[in-house]
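Structure first, commentary second.
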Amino acid sequence: MFCGASPHVLDPKSRVFVPKRIQDHLTRTPTGGLQGYLTPGEDACLYLFTIESFHTAAAALSTRPFADDQARAAKRFFFGSALPVELDSSGRILIPEELRELVGMGREVVIVGVEDRAEIWPAEEWKKYRAKHRDVLGKLNRIAGEPPASPGPGT
């Protein structure tokens, strides 16, 4: 499971170091390298999937009907911009210009583990997102579908 968040800086060649906690979940190739899929994500970030998680996400998208132009556009952007990436010997991945431009990524990024994927955010966008949603943890039980905690005895 991907978790944790950490700031990083793209190097001059647009590569970013992938933290060990994320590397540990990527797919090991027959030659010993680590590989995943980089795709456009929601909310101005990029997704870094394991190969298995990418196939799971792709299968979920493939069951959606083609009748809606929004669904077709989402599939085109998602699959048309998705690409396999392999970490170099220093544990970095290259983030292509097209994907950087798509999410408005500068040099400073934040890598966030989100269960089945890592997300790579432009640092300013992550800061705005956190500020906008900072109270969401107080609603976690309701979001997860659990009833609110009942008051204790004597309250």
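The values are calculated or read from the model by the stated rules, or taken from the named source; none is laboratory data. As the structure is a computational prediction, the values presented were derived from the model and not from experiment. Cβ placement follows ideal geometry from the backbone for every residue including glycine, while neighbour counts extend to all protein chains displayed.
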Members of the stretch 46-74 that are in contact with a helix residue (DSSP H, G or I) (Cβ under 6 Å, 6 or more places away or on another chain) and within 22 Å of residue 121 (Cα to Cα): 46
In the stretch 119-137, which residues are assigned to a helix (DSSP H, G or I), modelled with pLDDT of 95 or more and among the aliphatic types (A, V, I, L, M)? 123
Just for the stretch 71-118: of the residues that are among the acidic types (Asp, Glu) and assigned to a loop (DSSP other than H, G, I, E, B), which one is nearest to residue 4 (Cα to Cα)? 116
Can you run down the residue pairs with Cβ atoms below 8 Å, 6 or more apart or on separate chains, where the first is in the stretch 118-140 and farther than 26 Å from residue 92 by Cβ and the partner is surrounded by fewer than 17 Cβ atoms within 10 Å (Cβ to Cβ) and at pLDDT below 95? 136/143
Residue in the stretch 30-56 that is surrounded by the most Cβ atoms within 10 Å (Cβ to Cβ), counting only those that are free of Cβ contacts under 8 Å to residues at least 40 places away in the same chain and part of a helix (DSSP H, G or I): 54
Regarding residue 7, is this residue exposed (fewer than 15 other Cβ atoms within 10 Å of the Cβ) and under 16 Å from the mean Cα position of the chain (by Cα)? yes
